1. Among the residues of region 53-75, write down those that are surrounded by fewer than 19 Cβ atoms within 10 Å (Cβ to Cβ) and either over 19 Å from residue 109 (Cα atoms) or in contact with an Asp or Glu (Cβ under 7 Å, 6 or more places away or on another chain) (or both).
2. Looking only at region 145-156, decide whether some residue is on the phi < 0 side of the Ramachandran plot, hydroxyl-bearing (Ser, Thr, Tyr) and touching a Pro at 6+ places or on another chain (Cβ under 8 Å).
3. Go through the residues of region 62-75 one by one and say whether even a single one is assigned to a loop (DSSP other than H, G, I, E, B) and free of Cβ contacts under 8 Å to residues at least 24 places away in the same chain.
4. Which pairs turn up if I take residues in region 120-147 that are farther than 17 Å from residue 76 by Cα and look for partners that are of a type in the set (D, E, K, R) with beta carbon separation below 6 Å, at least 6 apart in sequence or on another chain?
Amino acid sequence: MVAASTWVRTLCCIATSAGYVLIVQPGTSIRPALGAGGEAITISDAWVQAVEKPGADVALSMTVRNAAEVADALLRVRCPVANFSVKHAVDRGEGSPAMREIPSIPIAANSATVLKPDAYHVMLVQARQALAAGEAFNCSIVFQKAGTIETEVKVHGLP
C-alpha cells in the first residue's frame with residue numbers, strides 16, 4: 001500500500017500500510033531508531049547445552065539488544081532441531097523457583113535483555129536429534145515489531 005498524505009492546516013496526516021495514521025508537522029523526519037548494523041533488534045551469544053539423545057528439552061539462551069525508542073516482544077522461536085518451543089519466565093515466590101509459560105517475552109526499549117535458564121528464556125522442546133558440543137544450527141526468532149530475525153545458535157558442552 002502506498003502512503004497517502006493529506007495536509008490539514010499545518011499538520012500532515014500519513015496513512016501507513018499497517019493501518020496507522022501519523023500526524024506530524026511538515027518537515028518532520030520519521031525514522032526508527034536503529035542499531036549499528038541498521039537493525040533495531042540484534043541477537044548475540046545464542047547457545048544451548050549439548051543434548052545426548054533425541055527427545056530432551058533444552059533452554060535457548062541469548063542476548064537481545066533493542067536500539068529502538070519503543071519496546072518490542074519476542075513472540076516465537078522456530079528451530080529445526082526441536083519439535084516446538086515455549087517461552088518461560090521464572091517465578092521466585094516461596095520455595096524453589098518455578099518456570100511459568102508466557103505468551104511473549106518483553107524486550108524493553110534502548111536496552112539488552114539476557115535470556116537464560118534462571119530468567120526469561122525459550123525452551124526448545126523435544127529435540128529431534130542429539131546436539132554435540134561445537135555444533136551450530138540456525139533459528140528464526142520472531143518479534144512483534146522487528147519481524148523475523150535469523151540467528152546462529154552454538155552448542156556448548158555438557159555441564
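Read-outs throughout are calculated quantities, based only on the coordinates presented, and are distinct from any laboratory measurement. Since the structure is predicted, the reported quantities are computational estimates derived from the model, not experimental observations. Cβ coordinates were reconstructed from backbone atoms using ideal geometry, including for glycine residues, and neighbour counts include every protein chain displayed.
1. Residues satisfying the conditions are 53, 54, 55, 56, 57, 59, 63.
2. no
3. no
4. Between residues of region 120-147 that are farther than 17 Å from residue 76 by Cα and residues that are of a type in the set (D, E, K, R), the close pairs are 130/52; 130/53; 136/152; 136/154.
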